[in-house]
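Right, one structure below, let's go through it.
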Amino acid sequence: MAVRTILHYPDKRLREQTQPVTEFNEELGRLLEDMAETMYAAPGVGLAAPQIGVAKRIFLVDIATGENQPSDLRVFINPEIVESTGEVCNEEGCLSFPGVHEEVWRAERIKVRAQDAKGASFELEADGFLAVAIQHENDHLNGKLMVDHLSMLRRRLVHRSMMKRAASEATV
Ligand code: ZN
């Protein structure tokens, strides 16, 4: 297992289209382990494969963030949001946008269809924070980022602060 480097906006790999997973083998298992370790080390409540430079349709979510809560790790492979209803606005963060928190509108309730680590299909109905996390991570698989949901003004502000951050990281 290894903690992988998380790509930060404006890394172009975050915009890449992803490929479906076709083989549920040991290599996939190792990738999932690395993704989980990377997510927990960050720490974060979700991580999509493109965030570590892997252009595959995979993301993980674990919204049990408190130290006293048991882990609630969920793996979504080749996911598809098949139903979404309602609207809700929440403050969101993203491991690819360190230090950025923005209000984002999402569907309130969703139904997602996906495969697990062994390739078995499942369906899950979610609302609340879990539904928000799934929609956020699912966006990553389509090259879509948190900023794409913001007004032009907010998007410009976030872009500018991330560019400043990238520039200072490049010089140290
Ligand atoms: Zn994200």
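The values are calculated or read from the model by the stated rules, or taken from the named source; none is laboratory data. Small disclaimer: the values here were computed from a predicted structure and weren't measured. Cβ placement follows ideal geometry from the backbone for every residue including glycine, while neighbour counts extend to all protein chains displayed. Calculation scope for accessible area: heavy atoms of the full protein, side chains included, ligands and nucleic acids excluded. Shrake-Rupley method; radii C 1.70, N 1.55, O 1.52, S 1.80 Å.
For the stretch 5-27, give me each residue that is part of a helix (DSSP H, G or I) and either in contact with a strand residue (DSSP E or B) (Cβ under 6 Å, 6 or more places away or on another chain) or open to solvent by less than 60 Å² (accessible area, probe 1.4 Å) (or both). Result: L14, single match. When the stretch 91-124 is examined, which residues are found to be more than 13 Å from the ligand (Cβ to nearest atom), open to solvent by 20 Å² or more (accessible area, probe 1.4 Å) and either touching an Asp or Glu at 6+ places or on another chain (Cβ under 8 Å) or of a type in the set (S, T, N, Q) (or both)? Those that are more than 13 Å from the ligand (Cβ to nearest atom), open to solvent by 20 Å² or more (accessible area, probe 1.4 Å) and either touching an Asp or Glu at 6+ places or on another chain (Cβ under 8 Å) or of a type in the set (S, T, N, Q) (or both): E91, E103, W105, E108, R109, K111, R113, Q115, S121, F122. If you go through the stretch 33-43 and keep only what is within 14 Å of the ligand (Cβ to nearest atom) and either modelled with pLDDT of 95 or more or of a type in the set (A, V, I, L, M) (or both), you end up with M35, T38, M39, A42. Here A48 clears all of (1) within 13 Å of the chain's Cα centre (by Cα); (2) aliphatic (A, V, I, L, M); (3) open to solvent by 50 Å² or more (accessible area, probe 1.4 Å) except the condition numbered (3). Taking R30, is it modelled with pLDDT of 95 or more, farther than 30 Å from S168 by Cα, open to solvent by 40 Å² or more (accessible area, probe 1.4 Å) and assigned to a helix (DSSP H, G or I)? Criteria met by R30.
Of everything in the stretch 140-172 that is under 19 Å from the mean Cα position of the chain (by Cα) and without any contact (Cβ under 8 Å) to a residue 12 or more places away in the chain, the residue that is surrounded by the most Cβ atoms within 10 Å (Cβ to Cβ) is R155.
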